Every structure is written in structure tokens, then in C-alpha cells.
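The next block holds one structure in the form of C-alpha cells; read it before the comments.
The values are calculated or read from the model by the stated rules, or taken from the named source; none is laboratory data. Because the structure is a prediction, the values reported are computed rather than measured. Virtual Cβ from ideal backbone geometry, glycine too; neighbours counted across all protein chains shown. The protein model used for the area step is the full one, side chains on, heavy atoms only, and it has no ligands, DNA or RNA in it. Shrake-Rupley method; radii C 1.70, N 1.55, O 1.52, S 1.80 Å.
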Amino acid sequence: MPTPPPATMRAAILAEDRLEVREIATPVPGPDEALLRVSACGVCHTDLHVMKGEVHFPRPAVLGHEVSGSIVAIGAGTADTRTLRVGDRVAAGFIMPCGTCAQCARDRDDLCTEFFRRNRLEGTLYDGRSRLAMPDGSFLAMYSMGGLAEYAVVPLTALTSLDDDLDLDTACILGCSGLTSYGAVFRAGAVAPGMSVAIVGVGGIGTSLIPMARAAGAERIVAIDIAQEKLARAKDLGATAVVDAAREDPVARVRELTGGVDVAFEALGRPATFAQAVGMLADGGRMVAIGIAAGAAAAEIEITPLVRRGQQIIGSFGARTRTDLPQVAALAASGSFDPADLVSRRYTLDEADEAYRALSRGEITGRAIITMSAARAAEEQQ
Ligand code: CXF
Ligand code: ZN
């Protein structure tokens, strides 16, 4: 059995525009919630948007929405105490569904009204309270579960258990990168064996679409970017062709290579690449938009070809946590979506601010993770 959690923990707190590691009270889980001893937390662009003020979110806050860890406590009053237990190794989905709203009732966890209203706007859980507090007891917002910390409270609806053979640190990326690429490929894109796909933008999330599309049986996977190192990595991960959009017209080249793809993914959220992704489609093809755009950006799409060729444009944000995260974990267990392949850098919690600065400078190809174990090991030696 794991040792009981300490009274205080270290967390990276966003107060102004940088992350600072502070000692705060270890949170206590409520009913239907678990306390995780965090193993690792992924470094995602969405946190960076919050840090830069491009996404509005209350401060001070603990960011970090892609974690893995072990359950050290289950809140008193939990209805189901059998599915997940103390000691389980788990990954947490960044969309933490309330389980009771109308969207959750129809299995659309990706649209959970309470999660977006309470957590993403107010930085709390569904009862309107954060589980975190500043050292003086004042409000401290949690972005998803507030994963940039040694411990995190997570609603049980957001957790899935992991195969014993899976590396616990790298498994953290299943919760955002894995869940988002699963939703885009298997749900919105409905990629089926033999299909051809194009991925516009192979940064953090675009890269994870490659193994996910392979897992779905895609035969041809064309990766498009303007960064040579990202294209090289895309090839390593299984892209069957790459297109350097800085040197050639990506739409013409993708059409030349494939005759038009069944599914095109747009991972950048930019008007120009959004229109390009639609231009890459075969008749009857689907463009899956997963990149979040800056402000109220709008793309120009030619109407008649879309109508005449029966094409679709569909947005995809995350996936259905309760049904899809276990599928993502199963793909990881089978080796078809290996999180370790996607992780390119590791930082300690003390280096969290530097990790996001490196992400902002565009230096991270693939996914960086912040592991909590280094700090803990040093502590345990004292
Ligand atoms: C993100 C995933 C990558 C594309 C934009 C939305 N969701 C959570 O971080
Ligand atoms: Zn994310």
C-alpha cells in the first residue's frame, strides 16, 4: 500500500506570467474523486495559451491537464469503490466529465456543460470549489486537475487504469495528446483501414495523430509542416510521405501524391491552413479541425466544391473521456499507440517554467513531460 500523502506538496503556481514552485496544502478528494500521486504531467500548448493570457482563466492557478500517477486516496462517500482503488496506476483525461449533465447523459463527455462552465471558466470542480488553496488559504484555481503538482484531485470519471507494463511517466500524454488524437481519428474522422489521411501541422498534437491514424489502419499518412525536424520526426513515427509547405504548394502536392485524401486534419487553427486542409480532400472526404484559433479568426472556404463533392468539415475537441480514454489506454497497452515514442524531453517540476518557455520558442518537437519523481527522490534522500 502506498504511504499516506504528506500534509503539504510542491506545485507550480501561475500568478503573473511565470510558473513558480510553492509549497501548498495537499488537496483532499471529495466524493467520487481520487487523490493521485502525480507521476508526470505533459507540457501542452493549451497551458501556454493560458500563461500568455490568450485563453482567459482565473489566477493564481495550477495548470497542467495531462497526468499519470497512482491513486493514494479515494474520497469518502464515493458511490463506486470497486472500479478504481488505492494503489491503481492511472492516466487522467483533460476533459473531466461531470457525468450528470444532458451531454454526459448522451455520452458526449467532450461537450460536458459543467466541466466547461465550472472548470474552464472558473477553475473549480462541479461544486464551484477548487480543491487547491494558496498558502494563506485564499483561492487557487485548478486548470483541469491542476497537474503541475506532486498530488492532484481528479474526478473518478476522468481516470482510467493502466496496464502494468506501461511506463507510468510517459503514459501521462494519454490524457490530452492521446485522447484528442483518438477523438479526431476514431470519432470525428472515422478513419478506417485503407484510408488516406493528411495532417496539416505536425507539432505536439499533429504528431500524435500519426500513430493514432496507423492504429486505425490508415494506409497513407501525409504529414505537412514547414519545419524540417518536425517532418523528419513524422517520418520516423510512420508518416508515409511528408510535404514541406515552405517549399511547395501543400494542396497541389497532397493531391498529386494521393488524388485527394479521405480525411485531412488541421492542427494549427489558422485560416490559411484550414482552407488548405479542405482543399486536400477527395470527393466525400472529411476535414477534421482540431487546432484552436487565435481570437475570432475565420477561414474562407469555397462553397460550391464542398457541396458538389459531398465533403464535410467537423470540429473535434478531446473525446468522450469515460468511453474513449480506456480505449486509448488499451491501444497503448497493445503497443499500437506507444506514448514513449512521442515523448522527446523531460523536465523536473522546478524546471516547469523553462519547459513552457522552450515550448513557446518552438524548440519542442513531439511532447515534453514534467516528471515529479526527480524532486521526490531528492527529498526522500534527505
Ligand atoms: C487541445 C489539444 C490540442 C489541440 C487544441 C486543443 N486540447 C487540450 O489541451
Ligand atoms: Zn492539452
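Summing Cβ point charges (Lys, Arg +1; Asp, Glu -1) relative to the Cα centre of the range 270-382 gives a dipole of roughly 460 debye.
The charge dipole of the chain, taken about the Cα centre with unit charges on the Cβ atoms of Lys, Arg (+1) and Asp, Glu (-1), comes to about 680 debye, rounded to the nearest 20. Estimated at 0.36 nm per residue, the fully extended path between Val86 and Asp350 surpasses their Cα-Cα distance by 92.3 nm. Considering only Ala158, Ala232, Leu281, the residue lying farthest towards the positive end of the dipole of the chain is Leu281, judged by Cα position with unit charges set on Cβ. With contacts taken as Cα pairs under 8 Å at a separation of at least 6 residues, the range 99-176 carries a relative contact order of 16 percent.
Mind checking which of Glu363, Glu20, Glu150 has the largest fluctuation in a GNM of the chain, springs on alpha carbons under 10 Å? Of Glu363, Glu20, Glu150, the Gaussian network model singles out Glu363 as fluctuating most. Counting only protein heavy atoms and a probe of 1.4 Å, the accessible surface of the chain is 50% carbon and sulfur. Helix 228-237 versus the longest principal axis of the chain: what angle, 0 to 90°, nearest 10, using Cα atoms? That works out to roughly 80 degrees.
Look at the alpha carbon pairs under 8 Å that are at least 6 residues apart: their mean separation over the length of the range 274-362 gives a relative contact order of 24 percent.
With 0.36 nm allotted per residue and the present C-alpha distance subtracted, the Glu302-Ala76 stretch has 75.8 nm of extension available. For the range 169-240, the solvent-accessible area works out to 28 Å² per residue, with a probe of 1.4 Å and every protein chain left in place.
For the residues Met195, Met212, Met145, a GNM of the chain with alpha-carbon springs under 10 Å puts the largest fluctuation on Met195. Residue-wise HN-Hα couplings along the range 108-113, as the Karplus relation 6.51 cos²θ - 1.76 cosθ + 1.60 with θ = phi - 60° gives them from phi, are 9, 4, 5, 10, 3, 4 Hz; Gly and Pro carry x. Which whole-number value in Å² is the accessible area per residue of the range 1-79, probe 1.4 Å? Per residue, the range 1-79 has an accessible area of 41 Å². For the chain, the mean residue ellipticity at 222 nm estimated from helices alone is -7000 deg cm²/dmol, where every DSSP H run of n ≥ 4 contributes -39500 (n - 2.57) and the total is divided by all residues, rounded to the nearest 500. A dipole drawn for the range 1-74 from +1 and -1 charges on Cβ atoms has a positive end, and of Pro31, Pro5, Gly64 the residue lying farthest that way is Pro5. Going by a ≥ b ≥ c, the root eigenvalues of the Cα gyration tensor, does the range 114-156 fall in the rounded group (a/c under 1.5), the prolate group (a/b larger than b/c) or the oblate group? Note, shape of the range 114-156 comes out oblate. Relative contact order, whole percent, for the range 232-316 stands at 25, derived from Cα pairs under 8 Å and 6 or more residues apart. In this structure the amide hydrogen of Ile221, modeled in the peptide plane, comes within under 5 Å of the amide hydrogens of Val197, Thr240, Ala241, none closer than 5 places in sequence on its chain.
Simple point charges give the picture: +1 on the Cβ of Lys and Arg, -1 on the Cβ of Asp and Glu, and for the range 195-318 a dipole about the Cα centre of about 160 debye. Only Cα sites of the chain enter the Debye sum here, all with the same form factor; the resulting log10 I(q)/I(0) across q = 0.09, 0.11, 0.12 1/Å is -0.49, -0.73, -0.87, listed in q order. Assuming R0 = 35 Å, what is the FRET efficiency of Asp167 and Asp244, from their Cβ-Cβ distance, to the nearest 0.05? That pair, Asp167 with Asp244, gives E of 0.60. Within the chain, DSSP assigns beta bridges of which about 55% are antiparallel (rounded to the nearest 5). Taking a ≥ b ≥ c as the square roots of the eigenvalues of the Cα gyration tensor, the range 46-123 is classed as oblate, since a/c reaches at least 1.5 and a/b does not exceed b/c.
Just so you know, the Cα atoms of the range 27-163 work out to an Rg and Dmax of 14.0, 41 Å. Straightening the chain between Glu20 and Asp236 buys 74.2 nm, computed as 0.36 nm per residue apart minus the Cα-Cα spacing.
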